[in-house]
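Worksheet for the structure shown next.
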Amino acid sequence: MKYFYDLHIHSDLSPCGNEEMTPNNIVNMACIKGLNIISVTDHNTTENLPAIMELCEEMNIKAIPGIEVTTKEEVHVLCYFKELENAMKFGKIIYESLPDISNNPSIFGQQNIYNSKDEIIGALKKLLINATMYSLKELWTLAEKYHGVTVPAHINKKSNSLLGTLGFIPYDMEINFVEIYKNTTLNNKLIENLILFKNSDAHMLIDISEAVNFIELKNIEDIYEYLKIV
Ligand SMILES: [Zn+2]
Ligand SMILES: [Zn+2]
């Protein structure tokens, strides 16, 4: 069966996420668009995942606990987990490793944490767009420890990407998946043995993917095996 996905969506917690990106709005929009599998991947935090997971369960959408981490090299890497608990532990370590620089709400807005009723229950102080202390390899190792998989994000973007920043795909790490940014051209040789994801990287509701990109699975529960996060 085809399961339509969008595995890269930002909530209002991300500094660049629009304030309309509340858990209910995101999950309802995913439902309207006909998506079966989604992941909310905020920058360097997982604090909005409990609300997202709860709402997705109610709406019968499979939510993969995720995060978009900025490595020491300023490369964005998506990390996905099977268990929310592991994602939350991982997210806390990532947040802790951010430099002690406060968010300036007048520039980036509040970095809001929500419950499943879309009530604001807190805000994160440290600016989430900064780089963590983890190198790409260290991040990969840390994610493995929490049974997570790392997927380099928007690898063909000029900035904050594997190819834009490093210029190559490191083969000393087991990278099976990469995310491709829209329809920008890419040297196919570099990615010939990899599985490609096309996500929205939505920061506004309207940008969440339509039901276009899909993964073929026998059963939706096979998504973890597919992602190698069993
Ligand atoms: Zn990014
Ligand atoms: Zn992103």
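The values are calculated or read from the model by the stated rules, or taken from the named source; none is laboratory data. Being a predicted model, the structure only gives us computed values, none of them experimental. Don't worry about glycine lacking a Cβ; one is built from the backbone with ideal geometry, like all the others, and counts go over all protein chains shown. The protein model used for the area step is the full one, side chains on, heavy atoms only, and it has no ligands, DNA or RNA in it. Shrake-Rupley method; radii C 1.70, N 1.55, O 1.52, S 1.80 Å.
Classification of the range 125-230 by its C-alpha gyration tensor yields a rounded form. The axis ratio a/c (a ≥ b ≥ c) stays under 1.5. The residues of the chain expose, per residue, 46 Å² of accessible area to a 1.4 Å probe.
Figure legend: label point modelled 7 angstrom from the Cα of S116 along Cα→Cβ; residues of the range 64-105 with amide N under 18 Å from it are 64-66, 83-88. In this simple spin-label model, placing a label point 7 Å from the Cα along the Cα-to-Cβ direction at both K2 and K92 gives a separation of 4.2 nm. Taking 23 Å as the limit for the C-alpha separation, the pairs K89/K228; K82/K125; K157/K198; K92/K145; K198/K228 exceed it in the case of K82/K125. Taking only protein heavy atoms and a 1.4 Å probe, the accessible area of the chain is 51% carbon and sulfur. Remark: the M133-E85 segment gains 15.1 nm on full extension, using 0.36 nm per residue and subtracting the alpha carbon distance. Using the Cα gyration tensor of the range 72-118, with a ≥ b ≥ c the square roots of its eigenvalues, what is the shape: rounded (a/c below 1.5), prolate (a/b larger than b/c) or oblate (neither)? Oblate shape, in that a/c is at least 1.5 and b/c is the bigger or equal ratio. Here is how the number arises for the chain: DSSP H runs of 4 or more residues each give -39500 (n - 2.57), the sum is divided by the residue count, and the result at 222 nm is -6500 deg cm²/dmol. For GluC sites (Glu not before Pro), the sites in the range 134-206 that DSSP calls loop and that have at most 13 other Cβ atoms within 10 Å are E174, E192. Remark: spin-label model distance V230-I101 equals 4.3 nm, labels positioned 7 Å along the Cα→Cβ axis. Compactness check for the chain: Cα Rg over 2.2 N^0.38 Å is 0.94. For the range 1-119, the gyration tensor built on C-alpha atoms gives a prolate shape. Its axis ratio a/c (a ≥ b ≥ c) is at least 1.5, and a/b is the larger of a/b and b/c. Structural descriptor for the chain: relative contact order 26 percent, calculated from alpha carbon pairs under 8 angstrom and at least 6 residues apart.
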